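One structure is given here, and the rest of the page talks about it.
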Amino acid sequence: MDEKIVLRMENVTMQFGGVVAVNNLSLDVPEGQIVALIGPNGAGKTTAFNCITGVYQPTNGRVSFMGKTMICSHPTGKMKKNYLGTDGKKFASEPIVNPTPDYVVKLGIARTFQNIRLWKSMTVFDNVLVAKHMRAKQNVFSAIFRTNAKEEARMRAETMALLEEQGLDQYKDEIATSLPYGLQRRLEIARALATEPKLLLLDEPAAGMNPQETQELAEYIQQIRDKHHLTVFLIEHHMDLVMKISDYIYVIDFGSEIARGVPKEVQKNKRVIEAYLGVTEDA
């Protein structure tokens, strides 16, 4: 492959007690592409996102971002004996790396959530402004002695520009959760963009949307990918959206990969059809 790989997952396994939620998952997300991770409910998709973003420490495996190891783990303690995944010793000689979610964001990875997580008591403007502080060029002394006025002005101007770009400027003084559902989704994406990510993770961005809203969202995701020079990794159940905008698709079921390929290949894959629709026995 000639593409630059922004995100690489190698043999990632997430085990909770005796349940393996993600099993030996390996995938690449090339720069500038829209890559989808799909599968039935409970397949382990959001768990995989949580492993990437520091919400969970994987039981085993490595995640690399921009060519550098970001996360690395292997079974330790009692889990050595109780490990049910694959290749438990593969990374045993490597140091465990377990970053916090805020550190992952600082590296250049932002995400949205399956259930919208806006700051409920804040305005639309403040929801985005708070995220802007992730890249603030200030420190505790400049804040205490109020020498950061220019930096604050810059962040407020950029916040307003981002709201205008996303068509949310007219709602800037509204409480975030008072917006219609579709606009709340867009605001959550705008807040993620405010952290200036290189990689944007979208967890079911079309959840709860009608067909027209889903169509508009598909165009919107492509637009922000191009305008902000992003790489996008998304989880989605709306197959029309996935097939329309994805450059490449990974399919998992019960935590394990069952297929990968471009949309036309995945659509015709027998295992994918069975995973989504079930198997009907011949009479």
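The values are calculated or read from the model by the stated rules, or taken from the named source; none is laboratory data. The model shown is predicted, which means the values in this text are computed figures rather than measured ones. So basically every Cβ, Gly included, is an ideal-geometry build from the backbone, and we count neighbours across all protein chains shown. For the accessible areas, the whole protein counts, side chains as well, though only heavy atoms, and no ligand, DNA or RNA atoms are used. Shrake-Rupley method; radii C 1.70, N 1.55, O 1.52, S 1.80 Å.
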Legend entry - Some residue of region 247-257 being open to solvent by less than 60 Å² (accessible area, probe 1.4 Å), in a loop (DSSP other than H, G, I, E, B) and over 17 Å from Pro30 (Cα atoms): yes
Inset, instruction - Search region 3-18 for residues being of a type in the set (Val, Ile, Thr) and within 17 Å of Met66 (Cα to Cα), and hand back the single one that is nearest to the chain's Cα centre (by Cα). - result: Val6
Inset, instruction - Given the conditions (1) open to solvent by 10 Å² or more (accessible area, probe 1.4 Å); (2) touching a residue at least 40 places away in the same chain (Cβ under 8 Å); (3) under 15 Å from the mean Cα position of the chain (by Cα), report the number of the one that Asp28 does not fulfil. - result: (2)
Legend entry - Subset of region 4-14 (residues that are surrounded by fewer than 21 Cβ atoms within 10 Å (Cβ to Cβ) and in a strand (DSSP E or B)): Ile5, Arg8, Glu10, Asn11
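Yes/no per residue for (1) at pLDDT below 95; (2) of a type in the set (Gly, Ala, Ser):
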position	(1), (2)
Ala153	yes, yes
Arg185	yes, no
Leu200	no, no
Gln222	no, no
Legend entry - Failed item, numbered, when Ala206 is tested on (1) surrounded by fewer than 22 Cβ atoms within 10 Å (Cβ to Cβ); (2) in contact with a helix residue (DSSP H, G or I) (Cβ under 8 Å, 6 or more places away or on another chain); (3) more than 28 Å from Arg156 (Cβ to Cβ); (4) at pLDDT below 95: (1)
Inset, instruction - Kindly check whether there is at least one residue in region 225-232 that is in a helix (DSSP H, G or I), in contact (Cβ under 8 Å) with a residue 24 or more places away in the chain and more than 29 Å from Tyr103 (Cβ to Cβ). - result: no
Inset, instruction - Among what's in region 44-81 and is of a type in the set (S, T, N, Q) and farther than 26 Å from Glu236 by Cα, pick the residue that is surrounded by the most Cβ atoms within 10 Å (Cβ to Cβ). - result: Ser73
Inset, instruction - Determine which single condition Arg191 fails, assuming it passes every other condition in (1) out of contact with any Leu (no Cβ under 7 Å at 6 or more places or on another chain); (2) surrounded by fewer than 22 Cβ atoms within 10 Å (Cβ to Cβ). - result: (2)
Legend entry - Checking Ala131 against (1) in a helix (DSSP H, G or I); (2) at pLDDT 95 or above; (3) touching a Ser or Thr at 6+ places or on another chain (Cβ under 8 Å), the condition it does not meet: (2)
